[in-house]
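S.K.: So that we are looking at the same thing, I have put the structure below in structure tokens.
The values are calculated or read from the model by the stated rules, or taken from the named source; none is laboratory data. If you're wondering where the values come from, they're calculated on a predicted model, not measured in any experiment. Counting neighbours? That spans all protein chains shown, and the Cβs are built from the backbone with ideal geometry, glycine included. Just the protein is used for accessible areas: all its heavy atoms, side chains included, with ligands, DNA and RNA removed. Shrake-Rupley method; radii C 1.70, N 1.55, O 1.52, S 1.80 Å.
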Amino acid sequence: RAFLCGEDHFTGKSYEHRRGWVEDKLLELAKVFCIDICAYAVMSNHTHLVLYVDDKKANRLNDKAIVIRWHKLCKG
């Protein structure tokens with residue numbers, strides 16, 4: 001009975017506001033990591049993702065670029 005998105009028909013509580021947050025977060029993370037999001041589906045209690053990991057791009061990153069990307073994700 002864990003809802004990521006959608007409406008809990010038992011309690012009447014809506015979690016639909018989370019759907020946009022999940023989508024925004026996925027797109028933000030794709031910019032930080034060397035991945036392309038090919039497809040995704042945000043369901044009421046889980047998410048499906050099809051990703052392409054660009055390992056060639058990741059291997060070209062130097063230490064400074066890695067630190068900059070890390071700080072986009074984790075402040076401080």
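S.K.: Would a scan of the stretch 38-51 turn up a residue that is part of a helix (DSSP H, G or I), modelled with pLDDT of 90 or more and either open to solvent by 80 Å² or more (accessible area, probe 1.4 Å) or among the hydrophobic types (A, V, I, L, M, F, W, C) (or both)?
M.R.: To start, the set of residues in the stretch 38-51 that are part of a helix (DSSP H, G or I) comprises none.
Within the stretch 38-51 (the criterion being part of a helix (DSSP H, G or I), modelled with pLDDT of 90 or more and either open to solvent by 80 Å² or more (accessible area, probe 1.4 Å) or among the hydrophobic types (A, V, I, L, M, F, W, C) (or both)), the answer is no, since none of the residues qualifies.
S.K.: Right, something else. If I ask for residues that are assigned to a helix (DSSP H, G or I) and surrounded by 13 or more Cβ atoms within 10 Å (Cβ to Cβ), which ones from the stretch 1-37 would you list? It would help to see each step written out before you state the result.
M.R.: The initial filter retains those residues of the stretch 1-37 that are assigned to a helix (DSSP H, G or I), namely 17-32.
Once the filter is applied, which keeps residues that are assigned to a helix (DSSP H, G or I) and surrounded by 13 or more Cβ atoms within 10 Å (Cβ to Cβ), the stretch 1-37 yields ARG18, ARG19, VAL22, GLU23, LEU26, LEU29, ALA30, VAL32.
S.K.: On to the next question. Among the residues of the stretch 52-76, write down those that are within 18 Å of the chain's Cα centre (by Cα), at pLDDT below 90 and not in a helix (DSSP H, G or I).
M.R.: Passing the criteria: CYS74, LYS75.
S.K.: Here is a list: TYR40, TYR15. Which entry is touching a strand residue (DSSP E or B) at 6+ places or on another chain (Cβ under 8 Å) and over 26 Å from HIS71 (Cα atoms)?
M.R.: On the way: TYR40 fails: over 26 Å from HIS71 (Cα atoms).
None of the other options fit; the residue is TYR15.
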